[in-house]
Amino acid sequence: MWNDDAPREACGLFGVYAPGEDVARLTYFGLFALQHRGQESAGIAVSDGERIRAYKDLGLVTRVFTEPVLQSLQGHIAVGHTRYSTTGSSTLRNVQPITCSTEHGNIAVAHNGNLVNAHTLRTQLEASGELFESTNDSEVIVRLIARALESGDDIVAAIRAMMAQVEGAYSLAILTPTQLIGVRDPFGVRPLCLGRLEDAWVLASETCALPPIGATYQREVMPGEIVVIDAHGLRSYDGLPPVREALCMFELIYFARPDSHLYGRLLYEARRRMGRRLALEHPVAADLVIPVPDSGVPAAVGYATESGIPYGDGLIKNRYAPRTFIQPDQRLREQSVRLKLTPLREVIADKRLVVVDDSIVRGTTTRQIVRLLFEAGAREVHMRITAPPIRYPCHYGIDMATQRELVAAHHTVEDVRQQIGATSLGYLSIEGLAQAIGQPRSRFCLACFNGEYPIPIPDDVELVKEIFEPPASEPAVRM
């Protein structure tokens, strides 16, 4: 990734129950709308009422699914997944949805989130004879459901049995031969919503995936809820009692698309209000407010509106620079921001700039942006950040960084300002963030800011994506 300061994406889920419709194509468009949540791989599983077929591969949605592939996925129920890996390397065997055979038919599961007790559960399952095909934590969920089914539970009881054992964040889209099922953990850390397409039902990580297929938003899947959709319609079941709402605050700050809704609010407007609040908390005399595109745009508009300082574009993003895992040489790595952003010298020369961005993680990219603006002739660069200082790692499905890599974990705001080279630096406070969103802070997970993890983290948990990977001498298994 080009931006070391941005938290890495969460995964995207999509599901549809639509007899008579081309569900693979609907899922393709839904996943395309959720591509921002993961660019490593994509997959779709489809059922015709008896058999589940799946196709998945590494790459973007538009590369993975060709016309012949979509035509081969015939059925009336589907689930899809776009992935950014948080546990398990980016290899073909870790691409989702994960399928599993049981005595009661196949199931396919797509997971967004991260389990904090996956290592313990996997060790127990392997000791009892379970053979795992992937190296991600999501397969633990699949194996627990399959075991419960084989012991005689129906699908709802099997999911409840799984929920009673796993700990962590999970939103799930599950496919059986005859059902589409949505599940959300009892804290609701990751989003999941329901939509309608005439007589059909849709599941999606974000509401932005609904309009492209003509679906309308109905409601959010509630924390701890299981929704089952089949020939009898939609039914809701209690999975685990909700403990407290703890939606990831970064969904509102950064991850979710600005045209999505969470808690009934358009995120563009929420981010614009964050910018207004930033202007109140950290005013400064300046000539121009500019965003770091694209995530900083709504907040920069809000900052300009509240401060009365003119808004403008000072950085142009190269939208055709592909996301790549090919590493540049050391010189380019140190100046990687230049591959993505070009300053408008005539606009920013000799100006006092307010530069609005969503977050600072390691500080490397922000330092490059500040340097780029000064080189282009800016007189002052005042960085304003809509996320409070990130001091603690995420254990719930965001590949953010280890604590030792988080620049704010071990440095004061003034230290960070000096490291990035800005004229001044201001972060939005947690209180200001909650006020801008219009919701009590108790409804969110704020652990990366204050270290208060709503789901207890075992002492032996390591933030190592490749924790289940075989030794380097063992070859990777290709599906």
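So, in the range 28-80, how many residues would count as being crowded, with 24+ Cβ neighbours inside 10 Å, in contact with a helix residue (DSSP H, G or I) (Cβ under 6 Å, 6 or more places away or on another chain) and among the hydrophobic types (A, V, I, L, M, F, W, C)?
Result for the range 28-80: 9.
Cβ-Cβ distance below 7 Å, separation of 6 or more or different chains: which pairs start in the range 106-121 with a residue that is crowded, with 24+ Cβ neighbours inside 10 Å and end on one that is charged (D, E, K, R)?
Close Cβ pairs satisfying both conditions: 112/190; 113/185; 113/190; 114/137; 115/137; 115/167.
Give just the number: which of (1) surrounded by 23 or more Cβ atoms within 10 Å (Cβ to Cβ); (2) closer than 22 Å to residue 400 by Cβ; (3) of a type in the set (A, V, I, L, M, F, W, C) does residue 173 not satisfy?
(2)
Under 8 Å between Cβ atoms, which residue pairs at least 6 apart in sequence (or on different chains) link something in the range 257-269 that is in contact (Cβ under 8 Å) with a residue 60 or more places away in the chain with a partner that is among the basic types (Lys, Arg)?
263/443
Based on what the data block shows, is residue 272 of a type outside the set (Val, Ile, Thr), within 25 Å of residue 187 (Cβ to Cβ) and not assigned by TED's automatic domain parsing to the domain that holds residue 155? Explain how you work it out, then say what you get.
Working: of a type outside the set (Val, Ile, Thr): yes; within 25 Å of residue 187 (Cβ to Cβ): no; not assigned by TED's automatic domain parsing to the domain that holds residue 155: yes.
No, not satisfied.
Out of the residues in the range 384-419 that are touching a strand residue (DSSP E or B) at 6+ places or on another chain (Cβ under 9 Å) and of a type in the set (Gly, Ala, Ser), state the one that is nearest to residue 353 (Cα to Cα).
By that ranking, first place goes to 387.
Conditions (1) modelled with pLDDT under 95; (2) in a loop (DSSP other than H, G, I, E, B); (3) under 17 Å from the mean Cα position of the chain (by Cα), marked per residue:
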{"position": "196", "(1), (2), (3)": "no, no, no"}
{"position": "219", "(1), (2), (3)": "no, no, no"}
{"position": "226", "(1), (2), (3)": "no, no, no"}
{"position": "241", "(1), (2), (3)": "yes, yes, no"}
{"position": "250", "(1), (2), (3)": "yes, no, yes"}
{"position": "290", "(1), (2), (3)": "no, no, no"}
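Check the range 134-146 and report whether any residue there is farther than 30 Å from residue 249 by Cβ, in the same structural domain as residue 181 (by TED's automatic domain parsing) and in a loop (DSSP other than H, G, I, E, B).
No, the range 134-146 contains no residue that is farther than 30 Å from residue 249 by Cβ, in the same structural domain as residue 181 (by TED's automatic domain parsing) and in a loop (DSSP other than H, G, I, E, B).
Mind listing whichever residues of the range 260-288 are part of a loop (DSSP other than H, G, I, E, B) and of a type in the set (Ser, Thr, Tyr)? Lay out the reasoning, then the answer.
At the first step, the residues of the range 260-288 found to be part of a loop (DSSP other than H, G, I, E, B) are 260, 263-264, 282-287.
Those that are part of a loop (DSSP other than H, G, I, E, B) and of a type in the set (Ser, Thr, Tyr): 260, 263.
So, in the range 346-362, how many residues would count as being among the aliphatic types (A, V, I, L, M) and within 19 Å of the chain's Cα centre (by Cα)? Spell out how you get there, then give the answer.
Keep residues of the range 346-362 that are among the aliphatic types (A, V, I, L, M), which gives 347-349, 353-356, 360-361.
Then keep just the ones that are within 19 Å of the chain's Cα centre (by Cα); that gives 360-361.
Going through the range 346-362 one residue at a time, the tally reaches 2.
If residue 1 meets every condition in (1) modelled with pLDDT under 95; (2) buried (at least 23 other Cβ atoms within 10 Å of the Cβ) apart from one, which number is that one?
Single failed check for residue 1: (2).
Looking at the structure I just gave you, is residue 210 under 18 Å from residue 46 (Cα atoms) and of a type in the set (A, V, I, L, M)?
No; evaluated as a whole, the condition is false for this residue.
Does the range 327-350 contain at least one residue that is in the same structural domain as residue 304 (by TED's automatic domain parsing), under 30 Å from residue 445 (Cα atoms) and modelled with pLDDT of 95 or more?
The answer is no, given that none of the residues of the range 327-350 is in the same structural domain as residue 304 (by TED's automatic domain parsing), under 30 Å from residue 445 (Cα atoms) and modelled with pLDDT of 95 or more.
Just to check your reading of the model, which residue among 422, 434 is in contact with a strand residue (DSSP E or B) (Cβ under 9 Å, 6 or more places away or on another chain) and within 25 Å of residue 11 (Cα to Cα)? Let's see the steps before the verdict.
Details: 422 fails: within 25 Å of residue 11 (Cα to Cα).
Going through 422, 434 in turn, the sole match is 434.
Got a number for residues in the range 341-376 being surrounded by fewer than 17 Cβ atoms within 10 Å (Cβ to Cβ) and assigned to a loop (DSSP other than H, G, I, E, B)?
3
For the range 267-275, does any single residue satisfy the condition of being in contact with a strand residue (DSSP E or B) (Cβ under 7 Å, 6 or more places away or on another chain), modelled with pLDDT of 95 or more and over 18 Å from residue 430 (Cα atoms)?
Looking for residues that are in contact with a strand residue (DSSP E or B) (Cβ under 7 Å, 6 or more places away or on another chain), modelled with pLDDT of 95 or more and over 18 Å from residue 430 (Cα atoms), one finds none in the range 267-275, hence no.
The values are calculated or read from the model by the stated rules, or taken from the named source; none is laboratory data. Note that the structure is predicted; figures quoted are calculated from it, not measured. Counting neighbours? That spans all protein chains shown, and the Cβs are built from the backbone with ideal geometry, glycine included.
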